[in-house]
Structure formats: C-alpha cells, structure tokens
Amino acid sequence: MIVINNMRDPYLEIDWRRCHLDLMKLQDRLTTASIKNEHNEIYKLQDQITRSFAARALAVRKVVSNRGKN
C-alpha cells in the first residue's frame with residue numbers, strides 16, 4: 001500500500017474482483033434482456049452500466065495501465 005501525505009491512495013483500495021463481478025452481472029442481465037427483446041430493460045441496463053462505479057473504475061484502470069501499442 002502506498003501512503004501519500006499520510007493518506008491511503010483510494011485507487012489502490014478498489015476491490016477489482018468485485019468490480020469485474022458487478023459489471024459481469026449487469027452485462028449478463030443486458031444480454032438476457034436483449035435475447036428477450038425487452039427494449040425498455042435494455043435501455044435501463046445500458047444506462048445503469050454507464051453510470052456504475054464498476055464500469056467507470058475498470059475503464060480508468062484500462063487507460064491508466066495502457067503503455068501504448070503492446
């Protein structure tokens with residue numbers, strides 16, 4: 001754990017496994033709604049995914065860990 005100015009770095013405190021699981025559950029629900037042609041549910045889940053902490057945190061993690069091509 002890195003300590004900066006006597007404070008913990010919140011980025012390092014994120015439970016990444018939990019983020020993956022939460023996002024996967026939402027994506028599974030979205031897939032199920034898509035198969036059933038439940039359009040209102042699809043729109044609701046898409047909005048929920050874009051606003052979820054898990055999706056945003058994983059997106060930031062992917063960008064931060066990107067070192068360019070390969």
### Task
Give the whole-number value, in cubic angstrom per residue, of the convex hull volume spanned by the C-alpha atoms of the chain.
118
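Taking each full run of DSSP H in the chain as one helix, which ones are at least 24 Å long along their axis (Cα atoms) and have mean Kyte-Doolittle hydropathy of at least 1.6?
What comes out of the filter, once short or polar helices are dropped, is none.
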### Task
State the percentage of accessible surface on the chain attributable to carbon and sulfur atoms; use a 1.4 Å probe and exclude ligands, DNA and RNA.
53
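What whole-number value in Å² describes the accessible area per residue of the chain for a 1.4 Å probe?
Values: 6190 Å² over 70 residues.
Here the residues of the chain average 88 Å² of exposed surface.
The values are calculated or read from the model by the stated rules, or taken from the named source; none is laboratory data. Keep in mind that what you see is a predicted model, and the values were worked out from it rather than measured. The accessibility values were calculated without ligands, DNA or RNA, using every heavy atom of the protein model including side chains. Shrake-Rupley method; radii C 1.70, N 1.55, O 1.52, S 1.80 Å.
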